[in-house]
Amino acid sequence: MDTHPASVWLPPLEHVDRAHPLHRLLAQADRLDGDARDRMARLAHGFGAESPLPAAALLRERLAGDAGDAAWLNADPAWVQPDMTGVRLLACGAMPMAPGEAEAFAQALQPAFAEAGLQLEITAPTHWQLRLPPGTALPAFAAPAQALGEDLYQHLPQGAEGRPWRVLLNEVQVLLHQHPLNAARQARSLAPVNSVWLWGAGRLPAPLHGRFAGVVGNDELLHALAARAGIPGRAYAPQAVAMAKAGWLIDLQELPAGEFARDAWPALQALARRQTLELVFAGGERWSWRPWHRWRFWRRAPR
């Protein structure tokens, strides 16, 4: 395989309609061994960073520029909902919110965090973070993608080390449950902010030296990693995909199926005509594509 392909991260393969022409391209490409790592582990590997990623410090540095040598922990706004089997995490971070709303929620939560010796910072309306005191014991925290749609109690910090964090999370949920802003949000057909999700603990790493030459995508953490690695980053747009260069990472993993088919696929086709690609699906399936593979007429997509 070319040592400098453009890496394209795609949605789960099972989400791509069997009639989509992407399956024709895969039939002509070379199948590679799968990659069992989840997205966070792939990001860490690709940028030569420690795993789990200290996402909170990376985001704080990108968005506020003052991560320093402090330890940080994401406490992103979340929506949880009870059902017959437990309490499910339905949304985290990507919840529409005005700056004033975020500050009002933070004001209600500050006393609980202060009592625990923690300082809540609203880095951005959808990115809330805790500045941690030196020596804070940190259990393992699950990234949101690991817990979304599942019973959140299966993904909370475990054991004696995790107990103070579970108690704190319960206090936060009590404070947010009756917050008047949530009634106003629901009246506007927005999900309530009735919890936070703790994840991405750690300190800002030294400058990174990964395998990518640049990135295209909309993920803030992806761009935070690119900034720490000193490589260019471009927001997702079809033109940015079509013009990506060798060694770049093109992150299309979170695109809705309709947008991928309508906008991203034509741009990806244009790129494939001139660029060697490594195609990596969210489930770990991988293919190598070279422009001359389009002449493999005898290879047909399975029906």
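Throughout, read-outs are computed from the coordinates displayed, never taken from laboratory work. The shown structure was predicted, so the numbers you read here are calculated from the model rather than taken from an experiment. All Cβ positions, even for glycine, are placed from backbone atoms using ideal geometry, and neighbour counts span all protein chains on display.
Things worth noting here:
- Compared with the dominant Cα axis of the chain, that is its longest principal axis, helix 220-229 is turned about 70°.
- Working from label points 7 Å from Cα in the Cα-to-Cβ sense, the Ala108 to Leu138 distance is 2.8 nm.
- Modelled FRET efficiency - R0 25 Å, Ala160 with Glu115, Cβ distances, 0.05 increments: 0.80
- Over the chain, the ratio between the Cα radius of gyration and 2.2 N^0.38 Å evaluates to 1.09.
- Restricting attention to the chain, close to 70% of DSSP beta bridges with both partner residues there are antiparallel.
- Share of Cα-Cα pairs in the stretch 55-203 lying beyond 18 Å, as whole percent: 54
- For the stretch 55-71, Karplus couplings with θ = phi - 60° (6.51, -1.76, 1.60), whole Hz, Gly/Pro x: 4, 4, 5, 4, 5, 4, 5, 5, 8, 10, x, 9, 4, x, 9, 6, 8
- Here the contact order of the stretch 25-138, divided by its residue count and restricted to Cα pairs under 8 Å and six or more residues apart, works out to 23 percent.
- Rounded to the nearest 20 debye, dipole of the chain from Cβ charges on Lys, Arg, Asp, Glu: 1440
- Between Val87 and Leu152, Tyr153, the built amide H atoms are under 5 Å apart, and every one of these is 5 or more places off in sequence or on another chain.
- Each helix, a run of at least 4 DSSP H residues, gives -39500 (n - 2.57); summed and divided by the residues of the chain, these come to -9000 deg cm²/dmol at 222 nm.
- Our note on the geometry: Cα centres of the stretch 249-301 and the stretch 76-151, 35 Å apart.
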